[in-house]
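Below is one structure; the comments refer to it alone.
Each reported figure results from applying straightforward, stated rules to the coordinates on display, with no laboratory input. Just so it is clear, the structure is predicted and the values come from calculations on it, not from any experiment. With ideal geometry, Cβ positions are generated from the backbone for all residues, glycine too; neighbour counts draw on all protein chains shown.
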Amino acid sequence: MQSREARWAAGARSAQAVFLVGFMGAGKTSVGRVLGQRLNWLFEDLDDRVEREQGRSIAEIFREFGESQFRRAERAALQRVLGELRSGIAKIVALGGGAFVNEGNAALLESSGVPVVFLDAPLEELWRRCREETGSVSRERPLLRNFEQFRALYRTRRKGYLRAPVKMETSGRPVEAIAAAIVKRLGLKKTQVRTESGEVE
Ligand code: S3P
């Protein structure tokens, strides 16, 4: 039988999708957007899909129905994204910070063979980025409370993130450089598109 790593590596070779995982503040959405632009691939943020499907913001789902309901909606959204990928569409997907550390979600991703990249950074940097984003980003993070709670959650989850077959250090690196490193590491290929003037990009 093929090892976990071999299965995942095989998925990466034929990949038409990449999943970005990591803690809050890891840069999953900003790296994902740039990566999508670079490759001419679609970009999707799973939290955006959850909000669309539920007709509520993440913060409202947490407030009105609790975290467990959010996790159910997150799982259902992930299943739908994975189902859609079977059509061969090329896509980068950023997962919310708690998605990949859920055993069931990790198993779904593993069996899909789609490469999963863990964006890592030291705890203090993750905290700083989240604090800097607060106010500038419209999405409220219900699990971003105080540093002690942030650190405790990170410690519980880190082992889960490390199950991702690829780990990428993001500390002090611009988003462009991180995206370029992912392209190189996974050997991703740009989708050719024809511009309005007929040129191929
Ligand atoms: C969560 C992180 C958030 C969002 C939700 C829960 C978490 O996504 O999914 O608030 O459990 O860490 P980001 O990691 O994009 O902030």
Principal-axis tilt of helix 147-161 within the chain, Cα atoms, nearest 10 degrees | 40 degrees
Largest first and to the nearest Å, give the Cα extent of the range 141-185 along each principal axis.
-> 35, 23, 17
Given the chain, what percent of its DSSP beta bridges are antiparallel, to the nearest 5?
-> 5 percent
For the chain, set up a Gaussian network in which alpha carbons nearer than 10 Å are linked by springs, and say which option among K159, K167, K28 fluctuates the most.
-> K159
In debye, nearest 20: dipole of the range 64-116 around its Cα centre with unit charges on the Cβ of K, R (+) and D, E (-)?
-> 180 debye
Taking θ as phi - 60°, what are the ³J(HN,Hα) couplings along the range 64-70 by the Karplus curve (6.51, -1.76, 1.60), each to the nearest whole Hz, with x for Gly and Pro?
-> 7, 10, x, 5, 4, 5, 4
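Two-decimal Rg/Rh of the range 96-201 from alpha-carbon positions, Kirkwood Rh?
Working: Rg = 17.1 Å, Rh = 16.3 Å.
Reported Rg/Rh, Kirkwood definition of Rh: 1.05.
Here are some pairs, K28/K167; K28/K91; K91/K159; which of them have Cα atoms lying more than 18 Å apart in this structure?
K91/K159
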Mind putting together the pair-distance distribution for the range 77-152? All Cα pairs, 5 Å bins, whole percent per bin, short to long.
-> 3, 11, 21, 20, 15, 15, 11, 4, 0
For the chain, with a Gaussian network of springs between Cα atoms less than 10 Å apart, report the residue from E103, E74, E44 with the top mean-square fluctuation.
-> E103
Pull up all non-local amide H partners of K167: gap of 5 or more, or a different chain, and H-to-H distance under 5 Å with H placed in the peptide plane.
-> F118
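Counting each pair of different Cα atoms once, what's the Kirkwood radius of the range 37-116 in Å, rounded to one decimal? Intermediate values should be presented prior to the final figure.
Values: mean 1/r = 0.0756 Å⁻¹.
This gives a value of 13.2 Å.
For the chain, what is the per residue volume of the convex hull drawn over the alpha-carbon atoms, in cubic angstrom? It would help to have the intermediate numbers written out before the result.
Details: hull volume 27.3 nm³, N = 201.
Convex hull volume per residue, Cα atoms: 136 Å³.
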